[in-house]
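Enquirer: My questions will all concern the structure given below.
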Amino acid sequence: MSLVKAGFVVLDCAEPEKLAVFYRELLEAEQTEATANRVEIRGADGTRLAFRRDVNATPPSWPRPENSLQAHLDFVVEDLDEAERVIVGLGGRPLETKEAAGPYEERGYADPSGHSFTLRLVAPTAPKQG
C-alpha cells in the first residue's frame, strides 16, 4: 500500500477560488475539494492542482531575475493557437510577444494571478525523413 495517496502542484495566490476557475476551465477539470483557504482540482488526464490562499502572494517575475520563477507548469497541446485563444479568453496572458527562436514549439503564459506556465506542442510521432 502506497504511503502517499495523491500529489499536487500547489500555487499560492490571493484568490484561490478565481484561480481554480481558470485552471478548471483550461484543463476541463473538476473541483475535488474546497476550504476557506484552498481549492483542489483534478484534470481529465489526472493532473492535480491546488490553490492556496496567501494574501501577501506576489506574482513571479520570470524571466526577469528579481522574484524569479517559483513554480512552472507545462501543458502539452495539439494546437498552440487554439490553446492561446482559450487562455486569453479565461484571463491569462502571453509572456512572450514573438515566436520563440529555434526548434522548440512552445509558448509562455501567465495565469490571472501571474504564475507562469508553458504550452508545448505534441511531439510528432512520425519518424524523421532523411
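The values are calculated or read from the model by the stated rules, or taken from the named source; none is laboratory data. Computed from a predicted structure; not experimentally measured. For neighbour counting, all protein chains shown are included, and Cβ atoms are generated from backbone atoms with ideal geometry for every residue, glycine included. Just so you know, the surface numbers come from the protein's heavy atoms only, side chains and all, with ligands and any DNA or RNA stripped out. Shrake-Rupley method; radii C 1.70, N 1.55, O 1.52, S 1.80 Å.
Listed here are the residues, each with its yes/no results for (1) outside any loop (DSSP other than H, G, I, E, B); (2) modelled with pLDDT under 90; (3) among the hydrophobic types (A, V, I, L, M, F, W, C); (4) touching a Leu at 6+ places or on another chain (Cβ under 8 Å).
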{"site": "Val4", "(1), (2), (3), (4)": "no, yes, yes, no"}
{"site": "Gly7", "(1), (2), (3), (4)": "no, yes, no, no"}
{"site": "Glu25", "(1), (2), (3), (4)": "yes, no, no, yes"}
{"site": "Thr32", "(1), (2), (3), (4)": "yes, no, no, no"}
{"site": "Leu49", "(1), (2), (3), (4)": "yes, no, yes, yes"}
{"site": "Asn56", "(1), (2), (3), (4)": "no, yes, no, no"}
{"site": "Pro60", "(1), (2), (3), (4)": "no, yes, no, yes"}
{"site": "Pro63", "(1), (2), (3), (4)": "no, yes, no, yes"}
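Enquirer: Taking the options Val86, Val39, Val21, Val76, name whichever one is at pLDDT below 90 and not in a loop (DSSP other than H, G, I, E, B).
Expert: None of the others qualify; the one that does is Val76.
Enquirer: Report yes if some residue within segment 96-108 is in a loop (DSSP other than H, G, I, E, B), under 27 Å from Ala57 (Cα atoms) and at pLDDT 90 or above; otherwise report no.
Expert: The initial filter retains those residues of segment 96-108 that are in a loop (DSSP other than H, G, I, E, B), namely 96-105.
If we keep only those that are under 27 Å from Ala57 (Cα atoms) too, we end up with 96-97.
The next check asks that each one be at pLDDT 90 or above; those that pass are none.
The answer is no; no qualifying residue exists.
Enquirer: Considering only segment 21-61, state which residues are open to solvent by less than 80 Å² (accessible area, probe 1.4 Å), out of contact with any helix residue (DSSP H, G or I) (no Cβ under 9 Å at 6 or more places or on another chain) and under 18 Å from Tyr109 (Cα atoms).
Expert: Val21, Tyr23, Arg24, Leu27, Pro59, Pro60, Ser61
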